[in-house]
Amino acid sequence: MLSSLAGASQPADEPAEQIQLIRWSSEEPLFGARVESTEQGVKVSVDSQVIPVLVPWYDVRALEKPDDGFRAYAQTAQDAWRAHSRFERGDYPGAQRIYTRLADDYLWKVGPQSADVSYGLMRCMLDQQDAQQATIPMLSWLVATGPGRASGQADQPTDFDHKHSLFVSLPPIPHPGTESYGLGPLRVDAVTDRQAALHELYDLSFSIGLQRDNQISERLLALSERISKQRLRDPGIMLILDMLTARAHPEADKRADARAKLERRVQYDDDTWVEVWSRLGLGMSLLSEPDHASKDRGVIHLIHIIVRLRDISPTLAQLAAKIADDHLAKTDRARWGDELIIESKKHQSITESKLVLPSQGTHQP
């Protein structure tokens, strides 16, 4: 049975009690001096390290010499381990149920247990193709891991790009067929200016769909000015801002300027996730223009993701196919859109010749 460390420290004239901690992640036990148990896990002072080791609750299997301090965290430890282990073996529905119970206690807090709950919830929501619901735990993960995460750590998730400080799997693009309702206000204070800007950028992206209106335009202009004043012009913020400006800016020339920036990223960052995001942004921008020629150019950008870039992110290739299919269905080319959906799910790419769109109103065999 799992057990925990008491929160009280040892008196100065008494040696710290030596304990043995068994972890789920390692066959080797952790030996050290009892320090304390916290909301984020168990702290053990190991001789070879100056800073105590913090073992998150999802990794605590057993503790030698249990004490009364465990009572506060015994159930948390069990739930955290069950959620983490289910997530690791791909049981996202089972993991989500437990992570949801832990969310109130762990979202928006700093520490490894909060990071696990945040990341687990984000991935579970993405598994349901609910990018809007995935965004809040994504932002919570940034808070939980602290600013050091942006510099790149060995244990960071594989879908996190430290240069841009963004999750590759979560572009600011709503899934077709899902209601675009935005994220609502940020209800926590312990966030950085960058995290607050990211929240606003994603909130705007999920609020507009393919439509532009005066309220969205005013919010975009105010946010752009704030980002400039706060000097938040890092690669991740600027990528999302350009994607959003290309879709939502009220002035056509500003939208065109933003698309030109995305086109340059396509050239400079070809065959990377940045090209995938940039083409998604170009596709969504052009699909929001009134003329049919622009809309078809937008579909071409989306087809590039399916044709050339699918292996970078099969999930985003399927997202691109659904966006393209939604437009093609409205222009009497539904069968061709259905073919894109099918091909986006295959391992092989469709041929480059299919980059030429059929004319509107043409029946496809």
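The values are calculated or read from the model by the stated rules, or taken from the named source; none is laboratory data. These numbers come from a predicted model, not from an experiment. All Cβ positions, even for glycine, are placed from backbone atoms using ideal geometry, and neighbour counts span all protein chains on display.
Among the candidates ARG264, ARG335, ARG259, ARG297, single out the residue that is modelled with pLDDT under 90, of a type in the set (Lys, Arg), more than 24 Å from ARG123 (Cα to Cα) and more than 21 Å from the chain's Cα centre (by Cα).
None of the other options fit; the residue is ARG335.
Looking only at the stretch 220-230, decide whether some residue is crowded, with 17+ Cβ neighbours inside 10 Å, of a type in the set (D, E, K, R), out of contact with any Gly (no Cβ under 9 Å at 6 or more places or on another chain) and outside the structural domain of SER294 (by TED's automatic domain parsing).
Scanning the stretch 220-230, I find no residue that is crowded, with 17+ Cβ neighbours inside 10 Å, of a type in the set (D, E, K, R), out of contact with any Gly (no Cβ under 9 Å at 6 or more places or on another chain) and outside the structural domain of SER294 (by TED's automatic domain parsing), so the answer is no.
Consider ILE216 carefully, then state whether it is assigned to a helix (DSSP H, G or I) and modelled with pLDDT under 90.
Values: assigned to a helix (DSSP H, G or I): yes; modelled with pLDDT under 90: yes.
Yes: the conditions hold for ILE216.
Quick one: ILE51 ticks every box in (1) among the hydrophobic types (A, V, I, L, M, F, W, C); (2) farther than 30 Å from THR315 by Cβ; (3) in a helix (DSSP H, G or I) bar one, so which box is it?
(3)
Let's see how each residue does on (1) assigned to a helix (DSSP H, G or I); (2) surrounded by fewer than 20 Cβ atoms within 10 Å (Cβ to Cβ):
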residue: PRO174; (1), (2): no, no
residue: THR178; (1), (2): no, yes
residue: TYR181; (1), (2): no, yes
residue: SER205; (1), (2): yes, no
residue: ARG233; (1), (2): no, yes
residue: MET243; (1), (2): yes, no
